[in-house]
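The values are calculated or read from the model by the stated rules, or taken from the named source; none is laboratory data. Please read all numbers here as calculations on a predicted model, not as lab measurements. Counting neighbours? That spans all protein chains shown, and the Cβs are built from the backbone with ideal geometry, glycine included.
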Amino acid sequence: MTTTAPPAARRGLLSDALPGMANVMVSFALALTWGVAMIVAISVGAALVPVFGIGLLVLLGALWVLRLAFAAERRRARAVYGLPVPDLSTWPSRPGENSLVRSWRPIGNGEYWRSFAHHVLKLLLGLTGGSIFLWLATTAVAGLATPGTGAVSFEIVPGAFILPSWAPAVGGVLLLLALAVLWGATLIDRALDSALLSVPAEQLQRKVLALEDAREGAERAAAAERARIERDLHDGAQPRLVNLAMTLGMAKAKLDTDPQAARAMIDEAHSEAKAAVNDLRQLARGIHPAVLTDRGLDAALSALAAASPTPVRVRVDLAERLPRALESTAYFVVAEALTNVAKHSGASQAEVVVTRDGDRARVVVFDNGTGGAHITPGTDSTGLAGLAERVRAAQGTLHITSPVGGPTLITVELPCA
């Protein structure tokens with residue numbers, strides 16, 4: 001889960017006056033149009049809930065449309081008031097999630113409903129402040145224009161009349177009052193944006209959500225890694241070592257009675273021992289390759305490319321080495337991606353590019369295969385699902401572009417800090 005929060009300098013209240021007043025009037029117009037439309041959509045959805053669940057789909061659609069409005073509100077707060085308001089959190093899909101859960105996560109959290117409250121209050125403020133301003137302003141203009149109309153009196157409010165000679169003065173006072181009301185609404189509007197959209201509590205909640213997501217990804221990745229190690233030991237080194245022990249036992253029994261057969265068994269045991277050592281070496285490389293620690297990511301990825309049955313070009317464009325944990329994540333991301341290329345893509349060529357842009361490292365794996373790669377919901381943490389878990393554990397983002405017919409492009413971004 002990632003967010004973006006472009007830096008914005010705070011400005012003074014006076015510099016926000018005209019943009020803020022215009023912003024309040026925009027909220028007034030939205031309350032009369034957008035607000036009414038949303039009330040109707042939500043009401044229709046609620047009324048249709050008993051009708052085969054159609055209402056739930058309408059409500060879900062309305063809530064998602066509102067989320068787009070919340071994103072626009074945040075952009076307005078940054079543009080009008082210069083507040084350091086972050087964008088809404090992104091909610092990438094998780095392995096095993098169905099479509100309903102994926103649709104609900106971005107709208108079933110505290111950040112969304114705080115934005116909902118902010119949106120409602122902002123529209124109510126625009127409706128109230130804009131209505132009072134327009135009433136005072138139109139009455140003020142009428143008062144200022146009264147002497148030229150030949151009217152014998154001026155009605156300030158229904159039933160309250162004054163002489164035409166007093167109308168311009170009253171109109172001037174009402175105009176100042178109208179501006180004061182609009183300015184007051186602007187101050188409240190700015191305070192709402194600051195209090196509900198730009199608060200340490202929300203930033204803390206974002207960090208908590210990101211850490212929870214990373215912890216869950218790390219747990220799933222660790223469980224998958226343990227399962228892989230157990231499987232490799234059970235299918236590889238363990239039976240070889242058992243066979244080695246049995247062969248040596250039989251060789252020992254025949255050493256005195258049949259030295260020739262014992263020698264042949266010892267040769268077999270020697271071959272089995274070398275195979276077991278090789279299996280353990282491969283297992284250790286899968287946990288953390290020594291070349292990665294000793295020579296860095298470029299050499300480790302080059303070794304992966306050399307071992308791949310598919311021709312792979314590697315380009316690592318880094319001014320300095322990445323942090324060790326990040327190097328490990330990038331290595332295993334590429335390793336898993338190249339494994340998928342070799343097994344499933346039918347590609348004749350692949351390319352790996354690693355770059356760094358500020359505080360984020362980017363890993364791109366491309367192949368010219370048949371495409372169609374995707375994370376299958378409900379799968380365990382293997383293949384692309386396992387790759388996604390590793391990226392989540394590192395608080396990074398994963399994007400897969402793989403149309404049927406190819407090519408496939410996997411882009412992973414990892415935070416360096």
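Brief remarks follow.
- Any hit, region 303-319, residues being assigned by TED's automatic domain parsing to the domain that holds G406, outside any strand (DSSP E or B) and polar (S, T, N, Q): yes
- Test: residue in region 365-375 that is assigned to a strand (DSSP E or B), within 22 Å of V291 (Cα to Cα), touching a residue at least 12 places away in the same chain (Cβ under 8 Å) and in contact with a strand residue (DSSP E or B) (Cβ under 9 Å, 6 or more places away or on another chain): yes
- Top-ranked residue of region 35-65 - restricted to ones that are touching a residue at least 40 places away in the same chain (Cβ under 8 Å) and of a type in the set (A, V, I, L, M, F, W, C), ranked as surrounded by the most Cβ atoms within 10 Å (Cβ to Cβ): L63
- Subset tally (residues that are touching a residue at least 60 places away in the same chain (Cβ under 8 Å) and aromatic (F, W, Y)) for region 317-346: 0
- Going through (1) within 28 Å of D294 (Cβ to Cβ); (2) buried (at least 16 other Cβ atoms within 10 Å of the Cβ) one by one, G358 falls short only on (2).
- Residue count, region 34-84 (criterion: outside any helix (DSSP H, G or I) and not aromatic (F, W, Y)): 7
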